[in-house]
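The values are calculated or read from the model by the stated rules, or taken from the named source; none is laboratory data. Everything quoted here is computed from the prediction, not taken from an experiment. Cβ: placed from backbone, ideal geometry, glycine included. Neighbour counts: every protein chain shown.
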C-alpha cells in the first residue's frame with residue numbers, strides 16, 4: 001500500500017481528534033461526576049439508569065408521601081378514638097354514680113350537665129377530619145358523620161334488629177304536671193282535681209336509631225313496615241303486624257301494650273322511636289330468635305344527630321318534588337346481611353396496599369347518643385319530680401294556703417308528687433344500673449378500635465423501615481451505575497491528556513522535511 005503525505009496527515013488529524021474526544025469525555029465526567037452525558041455514550045448504563053431511577057421515584061413516593069400521609073391519618077384517628085374512649089369513661093362514671101349513690105338535686109344537675117356536654121363532644125369527635133377528609137365516614141370523606149346544624153333531610157331507613165335488642169324499660173305515667181301546681185297557686189279557692197295517682201310500668205322494648213318518625217296514615221309508602229329476616233340474612237316477604245301509637249295514647253293506657261294491640265302484641269311509638277312488646281310477644285321473639293328489618297321514614301334531624309347514610313341502607317328523598325323522589329341511595333348491608341366494608345387503601349410499597357381508615361360503626365355505636373339521651377331524660381324527670389315536691393312543700397308553709405281546704409288539697413298533691421318522685425328515682429337508678437354494662441361495652445369497642453389502629457401503625461412502621469432499606473439499596477445501585485469515581489476519572493484524564501499532548505508532538509514532526517529540501 002502506497003503511503004502518501006496526505007494519508008499521513010489525515011491519519012494524524014484523526015488520531016489527534018480521537019485523543020481530544022477522550023480528553024473532552026474525561027473533562028465532562030470530572031465536571032458532571034457522571035459516567036455518561038447522552039444515552040448514546042453507553043446504552044447499557046442509560047437503560048439501567050432509567051430502570052433504577054423509575055424504581056427510586058416509586059419508592060420515594062411510597063416513603064415520603066404515601067406512608068407519611070397514612071401515618072398522619074392513623075395518628076389523627078387514634079387521637080380521636082382516645083378522646084371518644086375518655087368521654088365514654090366519663091359517662092360510665094356517671095352511670096356508676098347514679099346507680100350506687102343517693103343523689104340530691106345538685107348531684108342530678110351535675111350529672112345532667114355532664115351527660116349533655118359529653119354527648120355533644122362525642123359526636124364532635126366523630127367529625128374528626130384529616131386535611132378536610134372525615135376519617136370515620138368510609139368513602140364519604142367529604143361529609144361529616146353527624147349533622148353540624150339542624151336539617152330537614154328526608155330519609156327512608158332500613159334498620160335491622162333482633163330479639164337480642166329486646167330490653168326492659170320503665171315508663172312513668174299520670175305525672176303531676178306543672179299546670180297543676182301553678183293553677184293551684186293562682187286559683188286557690190277553685191275546686192281542684194287531683195287526678196289519678198302516678199304509675200310505673202315495665203315494658204319490653206326495642207329502640208330504633210331515631211325518634212320523631214315521619215308518619216302519615218293516608219300515605220302507605222311512608223308508613224313503617226316490618227319484615228322477618230331468615231337464617232341466611234335475607235329479608236323475607238313475611239310481614240310482622242303492629243300498631244302505630246303516640247306517647248299520649250300509651251300514657252292513657254298506662255303503657256299496657258295489650259290495651260293498644262292485643263292481637264299482635266307490638267306497638268310502635270312513632271314519637272320516641274320505640275317498639276313496645278307484650279310479655280308474650282317478647283318471649284315468642286326470644287324463643288324463635290326472631291330477626292327482622294323495619295323500614296321507616298325520618299324527616300328532620302337535630303344538630304349532633306348521626307347521619308343514617310353511615311350506618312344503614314337508606315334512601316334520601318328530594319322533597320322539592322311531588323311526590324318526593326329518591327335523590328341518593330346508600331347501601332352498607334348486602335342481601336345476606338353482611339356489612340359492606342369501605343376501606344380506604346394506600347399503596348405503601350410495591351404490590352402492598354394498606355387500609356388506613358376505621359368506619360364509624362367500629363367506634364361509635366349508633367345507640368350511644370340515644371342511650372345518653374335516655375339517661376338525660378330520666379335524670380331530668382327526677383329533677384322535675386323533686387322540684388315539684390319542693391315547690392308543694394314550700395306552698396304548704398305559706399300563710400296564703402293555711403286554710404284547711406287548701407292544706408288538704410296540697411297534701412293530696414304532695415302525695416302524688418312524692419309517688420312520682422319515688423318512681424322517677426327508681427327509674428333513673430334502674431337505667432343507670434343497666435347502662436353501666438352497656439357503656440363498658442362501648443368503651444371496650446372503642447379501645448379495640450384504638451388497639452387496631454395502633455397495630456396498623458406498627459405494621460406501617462415496619463413497612464416504612466423496609467421501604468427505607470429498599471430506597472437506600474436502589475439509590476446505591478443508581479449511584480454505582482451513573483456516578484463516576486472521581487479518583488479514577490482524574491487518572492484517566494491525565495492519561496488521555498498525555499496521549500493528546502503526545503499526538504500533537506508527533507504531528508509536529510510529520511512534515512518537517514518536504515521535496516524542496518532535495519532540490
Residue 449 fails exactly one of the following numbered conditions: (1) surrounded by 14 or more Cβ atoms within 10 Å (Cβ to Cβ); (2) more than 30 Å from residue 89 (Cα to Cα). What is the number of that condition? (2)
If we keep just the residues of the stretch 289-322 that are touching a helix residue (DSSP H, G or I) at 6+ places or on another chain (Cβ under 8 Å) and outside any strand (DSSP E or B), which is farthest from residue 235 (Cα to Cα)? 304
Looking only at the stretch 106-157, how many residues end up being within 26 Å of residue 298 (Cα to Cα) and part of a strand (DSSP E or B)? 9
Conditions (1) in contact with a strand residue (DSSP E or B) (Cβ under 7 Å, 6 or more places away or on another chain); (2) free of Cβ contacts under 8 Å to residues at least 12 places away in the same chain; number of the one not met by residue 287: (1)
What number of residues within the stretch 245-269 are in contact with a helix residue (DSSP H, G or I) (Cβ under 9 Å, 6 or more places away or on another chain), outside any strand (DSSP E or B) and over 23 Å from residue 196 (Cβ atoms)? 2
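Taking the stated definitions as given, is residue 326 assigned to a strand (DSSP E or B), in contact with a helix residue (DSSP H, G or I) (Cβ under 7 Å, 6 or more places away or on another chain) and without any contact (Cβ under 8 Å) to a residue 40 or more places away in the chain? I'd like the intermediate steps shown before the answer.
Details: assigned to a strand (DSSP E or B): yes; in contact with a helix residue (DSSP H, G or I) (Cβ under 7 Å, 6 or more places away or on another chain): no; without any contact (Cβ under 8 Å) to a residue 40 or more places away in the chain: yes.
For residue 326, the condition - assigned to a strand (DSSP E or B), in contact with a helix residue (DSSP H, G or I) (Cβ under 7 Å, 6 or more places away or on another chain) and without any contact (Cβ under 8 Å) to a residue 40 or more places away in the chain - is not met.
Which of the residues that make up the stretch 86-105 are in a helix (DSSP H, G or I) and closer than 15 Å to residue 428 by Cβ? So that I can check it myself, show each step before the final result.
The initial filter retains those residues of the stretch 86-105 that are in a helix (DSSP H, G or I), namely 86-100, 105.
91, 94, 95, 96, 97, 98, 99, 100, 105, listed by residue number.
Scan the stretch 6-13 and give yes if some residue there is at pLDDT below 85, in contact with a helix residue (DSSP H, G or I) (Cβ under 6 Å, 6 or more places away or on another chain), surrounded by 13 or more Cβ atoms within 10 Å (Cβ to Cβ) and not assigned by TED's automatic domain parsing to the domain that holds residue 451, otherwise no. Spell out how you get there, then give the answer.
Step one: filter the stretch 6-13 for residues at pLDDT below 85, giving 6-13.
The next check asks that each one be in contact with a helix residue (DSSP H, G or I) (Cβ under 6 Å, 6 or more places away or on another chain); those that pass are 12.
Restricting the remaining residues to those that are surrounded by 13 or more Cβ atoms within 10 Å (Cβ to Cβ) gives 12.
Narrowing the set further to residues that are not assigned by TED's automatic domain parsing to the domain that holds residue 451 leaves 12.
Yes: one or more hits.
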Could you count how many residues in the stretch 364-403 are part of a loop (DSSP other than H, G, I, E, B) and either under 29 Å from residue 171 (Cβ atoms) or at pLDDT 95 or above (or both)? 3
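When you go through 291, 303, 298, 258 one by one, which is the residue that is under 29 Å from the mean Cα position of the chain (by Cα) and exposed (fewer than 15 other Cβ atoms within 10 Å of the Cβ)?
Values: 291 fails: exposed (fewer than 15 other Cβ atoms within 10 Å of the Cβ); 298 fails: exposed (fewer than 15 other Cβ atoms within 10 Å of the Cβ); 258 fails: under 29 Å from the mean Cα position of the chain (by Cα).
Just one listed residue meets the conditions, 303.
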Search result, residues across the stretch 176-197 that are within 43 Å of the chain's Cα centre (by Cα) and either closer than 20 Å to residue 260 by Cα or modelled with pLDDT of 80 or more (or both): 176
Taking only pairs six or more apart or across chains, which ones have beta-carbon atoms under 6 Å, a first residue in the stretch 214-233 that is closer than 12 Å to residue 296 by Cα, and a second residue that is modelled with pLDDT of 85 or more and in a loop (DSSP other than H, G, I, E, B)? 215/270; 226/240
Would you confirm whether or not the stretch 487-509 contains a residue that is at pLDDT 80 or above, surrounded by 13 or more Cβ atoms within 10 Å (Cβ to Cβ) and not assigned by TED's automatic domain parsing to the domain that holds residue 20? no
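Name the residue that is modelled with the lowest pLDDT, counting only residues in the stretch 158-175 that are in a loop (DSSP other than H, G, I, E, B) and touching a strand residue (DSSP E or B) at 6+ places or on another chain (Cβ under 7 Å).
174
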